[in-house]
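Student: If you scroll down you'll find the structure; I have some questions about it.
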Amino acid sequence: MIQAIIFDLDGVLLSTDELHYAAWKTVADELGIPFDRQVNNRLRGVSRMASLEIILEHGGVVLSPEEKEAVATRKNDRYRASLMTLTSEIVAPEVRETLTALKQRGLKLAVGSSSKNTKLILERADLASYFDAVSDGTNITRSKPDPEVFLKAAAFLGLSPSVCAVVEDAVAGIDAANGGGFLSIGIGDAAGYSRTDRPIRALSELLQMV
Ligand code: G6P
Ligand code: MG
């Protein structure tokens, strides 16, 4: 019996892909590294530093740890500035309706995201009030596919993973959910992944499962 649902943020509740893309693109241009949406897609669900490593490897550029820190900070400053333009319109009506209906049925809801900007995004998108707990990049030491971010979310809710489902759009997130003993629900890219327990095409399909 599922008592709680833990949602990944980016790609599930909303998409900040284009904002990440614009911020990484400026930084990659400064470093003379070719960067396009295909490379950007590989950064989904990946932590900020791991994203930078992928970009540097793609461009064949080697930086010292200090230089990497500086580049990652520059990217994040640009990204956070762009988040200030974000409004509640970034969330589809179907997402709000589904979250409201799930809460009405008595389910606990949480967010489990690698992003250290999760709380800012939830505030800007007017989503914070739907959730009983938020586990994000600020309270973990290991990124997905490690289950830490979801295990922390379940702990914040005071529930065992066996009664929680995780909704993810990234393969690494499905592996994290499965590794932590959660029911994994995949949307978008993750709906076509062989290890996903339950594929869905739209978030509203959750209402048929609980
Ligand atoms: C999410 C996004 C990734 C992003 C990561 C870290 O998982 O899908 O593209 O790299 O969060 O985000 P942050 O806001 O901490 O830089
Ligand atoms: Mg995601």
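Any read-out appearing in this document is the output of simple, stated calculations on the displayed coordinates, not a laboratory observation. This is a predicted model, so every value here is computed, not measured. Ideal geometry is used to build each Cβ from the backbone, glycine not excepted, and the neighbour counts take in all protein chains shown.
Student: By the gyration tensor of its Cα atoms, with a ≥ b ≥ c the square roots of the eigenvalues, what is the shape of the stretch 144-210: rounded for a/c under 1.5, prolate for a/b over b/c, or oblate?
Tutor: oblate
Student: Let me ask something additional. I need the Debye-formula profile for the chain: one equal scatterer per C-alpha, no solvent, reported as log10 I(q)/I(0) at q = 0.07, 0.08, 0.12, 0.15 1/Å, two decimals.
Tutor: Evaluating at q = 0.07, 0.08, 0.12, 0.15 Å⁻¹ gives log10 I(q)/I(0) of -0.21, -0.27, -0.60, -0.92.
Student: Which lysines have a Cα less than 22 Å from the Cα of Lys119, not counting those fewer than 8 places away in the same chain?
Tutor: Within the straight-line cut-off, Lys119 pairs with Lys75, Lys103, Lys108, Lys144, Lys152.
Student: State which helices in the chain qualify, where a helix is a whole DSSP H run, it must extend 20 Å or more along its own axis by its Cα atoms, and its mean Kyte-Doolittle hydropathy must be at least -0.5.
Tutor: Helices meeting the criterion: 17-31.
Student: Near Ser15, within a Cβ-to-Cβ distance under 10 Å, what is the net charge of the other residues, with Lys and Arg +1 and Asp and Glu -1?
Tutor: -3
Student: Same structure again: Order of 58-69, 184-195 by packing, highest average Cβ count within 10 Å first?
Tutor: 184-195, 58-69
Student: Students often check this: by mean Cβ neighbours within 10 Å, which of 36-49, 79-92 ranks highest, and how do the rest follow?
Tutor: So the order, starting with the most tightly packed, is 36-49, 79-92.
Student: If a/c stays under 1.5 just call it rounded; otherwise compare a/b with b/c (prolate if a/b is bigger, oblate if not). Do that for the stretch 54-168, with a ≥ b ≥ c from the square roots of the Cα gyration tensor eigenvalues.
Tutor: Here the stretch 54-168 falls in the oblate category.
Student: Highest first, please rank the peptides 160-166, 110-116, 24-30 by the mean number of other Cβ atoms sitting within 10 Å of their residues.
Tutor: Listed from highest to lowest mean packing, they are 110-116, 160-166, 24-30.
Student: Work out the length of the dipole vector of the stretch 52-210 about its Cα centre, built from +1 on the beta-carbon of each Lys and Arg and -1 on the beta-carbon of each Asp and Glu, and round it to the nearest 20 debye.
Tutor: Taking the Cα centre of the stretch 52-210 as origin, the dipole is about 320 debye.
Student: Asp175: net charge of surrounding residues, Cβ under 10 Å, Lys/Arg +1, Asp/Glu -1, itself excluded?
Tutor: Result for the local shell: 0.
Student: If one computes the Cα centroid of the stretch 164-210 and of the stretch 76-101, what distance in Å separates the two points?
Tutor: Cα centroid to Cα centroid, the span is 21 Å.
Student: Taking amide H positions as placed in the peptide plane 1.01 Å from N, state which residues far from Lys108 in sequence (5 or more) or on other chains have amide H under 5 Å from it.
Tutor: Answer set, sorted by chain and number: Ala4, Ile5.
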